[in-house]
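Before any comments, here is the structure.
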Amino acid sequence: MCGIIGYIGKRQAKKVLLDSLAKLEYRGYDSAGIAVLNKESHVVITKSIGKVANLEVMCTDADATEEIEDAGCGIGHTRWATHGGVTNTNAHPHQQGRIVLIHNGIIENFRELIVKFHLENQLVSETDTEVAAAIFNYYYEQTNNPEETIQKTIHELQGTFAFGILFADHKDCVYAIRNVSPIVVMHGEGESVLASDIMALAPFGNRYFVLPEYHILKMKKDTVSLMDLQGNMCEPDYLTIDWDVNQADKQGYPFFMEKEIMEQPDAMRRTILPRIKEGMIDLTVDGIPDSLFEGMDHICVIGCGTAMHAGLVAKHLIQQGLKIPVDVIIASEFIYEEPLITDKTLVIAISQSGETIDTLAAVRLAAKYTKRVLAIVNVVGSTITRESNYVMYTNAGTEIAVASTKAYTVQLCALYLLFGKLATIKKCYNYAKQREFVLQICDIIKDVEKILQDKETIHRLTQKLVQAKDTFYIGRGLDHSLILEGSLKLKEVSYIHAEAYSAGELKHGTIALITEETPVIAVMTQKKVKAKTKSNAMEVRARGASVLLLVAGELEDEADWDTVYHLPEREDIFMTFSTSVTMQLIAYYTALDKGLDVDKPRNLAKVVTVE
Ligand code: AGP
């Protein structure tokens with residue numbers, strides 16, 4: 001999951017590249033680098049380990065500035081290390097001869113290519129990217145033609161790539177080609193720019209296109225052209241984006257994560273309200289016909305991480321409420337098993353970015369078995385949306401923080417609406433029941449607002465967590481699905497080993513890990529299992545654990561508990577939202593109090609485009 005940027009035009013390439021890399025940094029921040037072609041056709045490469053800020057320092061020192069100040073053409077890269085450690089040598093861009101290359105993706109056959117092209121003594125880094133650069137250079141030495149070089153090289157490569165390519169003796173062009181990994185392109189007055197995602201394109205306009213796979217992009221300052229691998233020229237398919245530049249700004253919050261947690265009521269309204277017509281759920285705005293669900297006998301939800309956790313909530317809703325069998329399969333598992341799906345299976349692919357390669361690969365596999373692939377995605381025009389039969393866009397707005405919060409909540413909103421629609425089509429809900437469901441769905445936004453208003457109280461709940469090394473979340477039924485997400489949030493931003501455990505299962509071995517140093521968060525929102533979960537909470541308390549109860553409704557022995565937080569009480573299936581937002585805040589404040597970089601946790605990246 002790296003970020004790439006390419007620019008050619010009237011602005012100073014160095015500044016454009018550095019500013020854009022700062023916007024792309026959430027895709028990976030192990031190292032960063034830029035390459036510019038100055039007026040003497042001299043390639044100047046500057047790279048550094050760590051964040052883009054380190055690179056900026058290197059690009060401003062005297063002699064570096066001298067060489068790159070006037071360059072109007074260049075490429076830049078921010079890296080999440082896959083092949084090769086976090087070192088300056090492994091940082092992109094990589095140069096081989098007259099080729100300078102940046103890459104997002106993985107070349108699966110790079111070791112075979114080293115042997116085939118006898119590159120052993122030619123490489124200085126451990127990366128697959130440098131191998132690709134050497135092969136580009138090999139063919140460029142033969143052809144002296146960029147397009148032919150790209151065609152020949154691509155046929156050698158197996159794997160995923162978004163390449164930005166400079167040919168040192170073509171200072172007026174930036175080339176690119178992709179397979180799976182994303183590239184979007186914008187062409188404006190006297191300038192052209194390519195990037196891994198549209199966030200970096202904001203300063204350049206609002207008309208962009210997605211570079212089609214296996215098409216050679218040739219960017220000049222006054223033109224952009226597309227050529228397929230057979231040499232046919234093609235027209236770009238332009239899209240327009242309505243920028244809300246505030247989305248790329250923290251608006252006074254210390255971290256994007258807090259801003260995005262606080263934005264959730266608005267994000268929920270933007271996702272729910274356009275799909276409510278005269279008090280009923282209406283998915284025509286998504287172009288989803290009722291016929292999609294006719295004859296459907298099984299649902300398979302695929303996703304990764306937080307997106308997969310949202311799928312677990314949907315499983316609970318649909319199976320309990322509609323008696324339709326639902327499988328939730330981790331996308332990276334789905335693609336390596338014979339999927340048990342038929343043309344009667346509705347496949348729901350959930351993804352905030354719409355670019356997660358495991359989920360994309362799962363969508364491509366599912367499409368071989370069913371025409372009922374519905375994507376629930378936040379980023380408009382992303383690859384998964386273009387490869388699904390139907391799309392429900394969530395309207396969270398841009399999510400910058402690596403830890404997903406508002407995107408998860410609006411994924412749940414979309415899934416609840418889908419459940420309500422299905423309940424009506426399957427005649428499980430009559431008119432009155434659906435209207436009541438819709439009222440509840442609109443009302444839960446108030447629960448989230450209440451939690452957000454109470455955020456300082458919740459902040460105080462985290463005091464026992466800040467010093468912890470290990471902690472457990474326990475819950476049953478729907479609460480178990482929720483604590484999987486709650487524990488992931490805490491893990492990824494605070495680095496505390498947080499384990500979500502079925503409350504009833506704990507005593508079958510894992511309770512051996514409970515000590516006085518192991519805080520436990522017990523989630524008790526489901527009435528029918530509340531008493532049982534409380535017993536499990538008593539079992540860990542008896543072994544010295546400090547327990548934080550997140551509870552719906554009354555607690556007759558409240559005085560006996562270390563810490564109790566009362567959630568706004570509602571029917572079991574609607575407790576999801578207030579509970580998950582409370583756990584988001586617990587994770588956020590724990591990381592904040594630990595003084596960590598909440599938006600860019602170590603080892604992580606926002607979009608996982610490597611398998
Ligand atoms: C969530 O906080 C993580 N950043 C991660 O689990 C994420 O949800 C997962 O990588 C899936 O990403 P997607 O929704 O963009 O497909």
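Points to keep in mind about this one:
- In plain terms, the chain from S225 to D560 could stretch by 113.5 nm, reckoned as 0.36 nm per residue minus the Cα-Cα distance.
- Histogram of C-alpha separations across region 277-328, 10 Å bin width, %: 22, 40, 37, 2
- Additional length obtainable on full extension of the chain from D343 to T510, 0.36 nm per residue less Cα span: 56.0 nm
- Directionally averaged shadow of region 20-113, computed from the convex hull of its alpha-carbon atoms, nm²: 6.4
- 28 Å Cα cut-off, lysine pairs counted over region 1-127 (separation 8 or more, or different chains): 16
- Using the Karplus relation 6.51 cos²θ - 1.76 cosθ + 1.60 with θ = phi - 60°, the per-residue 3J(HN,Hα) values for region 427-434 come to 6, 7, 10, 7, 4, 5, 5, 5 Hz, with x marking Gly and Pro.
- Long-range Cα-Cα pairs in region 313-383 (distance over 21 Å), rounded percent: 25
- Prolate/oblate/rounded call for region 138-219, Cα gyration tensor, a/c under 1.5 rounded: oblate
- Rounded to two decimals, the Cα-based Rg/Rh of region 1-160, with Kirkwood Rh, is 0.96.
- Nearby lysines by direct alpha-carbon distance to K344 (threshold 23 angstrom, same-chain neighbours under 8 apart not counted): K315, K323, K368, K371, K421, K426, K427
- The chymotrypsin sites (Phe, Trp or Tyr not before Pro) of region 1-93 include none that DSSP puts in a loop with a beta carbon having at most 10 other beta carbons within 10 Å.
- Charged-residue dipole, Cβ positions (Lys, Arg, Asp, Glu), the chain about Cα centre, Debye nearest 20: 1220
- Three-way shape label, region 172-223, alpha-carbon gyration tensor, a/c 1.5: oblate
- In a DSSP loop and with at most 14 other Cβ atoms within 10 Å, the trypsin sites (Lys or Arg not before Pro) in region 298-381 are K323, K344, K368, K371.
- Among the listed pairs K406/K464; K446/K600; K491/K606, those with a Cα-Cα distance over 20 Å are K406/K464; K446/K600.
- Peptide packing: for 552-559, 8-15, the average count of neighbouring Cβ atoms within 10 Å per residue gives the ranking 8-15, 552-559, highest mean first.
- Projecting the Cα atoms of Q463, H480, Y390 onto the dipole axis of region 376-508, where Lys and Arg carry +1 and Asp and Glu carry -1 at the beta carbon, places Y390 farthest toward the positive end.
- FRET efficiency, 1/(1 + (r/R0)^6) with R0 22 Å, evaluated for Q142 and E112 via beta carbons: 0.65
- Kirkwood hydrodynamic radius over Cα pairs of the chain, then Stokes diffusion coefficient at 4 °C and 1.567 mPa s, in µm²/s: 51
- For region 326-448, the Cβ-based charge dipole about the Cα centre amounts to some 620 debye (Lys, Arg positive; Asp, Glu negative; other atoms uncharged).
- Beta bridge orientation in the chain: antiparallel %, DSSP, nearest 5: 60
- If R0 is taken as 30 Å, the Cβ-Cβ distance between D470 and Y253 corresponds to a FRET efficiency of 0.55.
- Remark: spin-label model distance Q320-E517 equals 3.7 nm, labels positioned 7 Å along the Cα→Cβ axis.
- Each semi-axis of the equivalent ellipsoid for region 391-488 is √(5λ) with λ an eigenvalue of the Cα gyration tensor; in descending order they amount to 31, 16, 15 Å.
- All other residues whose Cβ lies under 14 angstrom from that of R476 are scored, Lys and Arg at +1 and Asp and Glu at -1, for a net of +2.
- Neighbours of L585, meaning other residues whose beta-carbon lies under 10 angstrom from its beta-carbon, give a summed charge of -1 when Lys and Arg score +1 and Asp and Glu score -1.
- Extending 7 Å from Cα along the Cβ direction at I330 and again at S535 yields two label points whose distance is 3.1 nm.
- Cα shape, region 278-419, gyration tensor, a/c 1.5 rule: rounded
Only the coordinates and a few stated rules stand behind these numbers; no lab work does. These numbers come from a predicted model, not from an experiment. Using ideal geometry, Cβ is built from the backbone for each residue, glycine included, and neighbour counts are taken over all protein chains shown.
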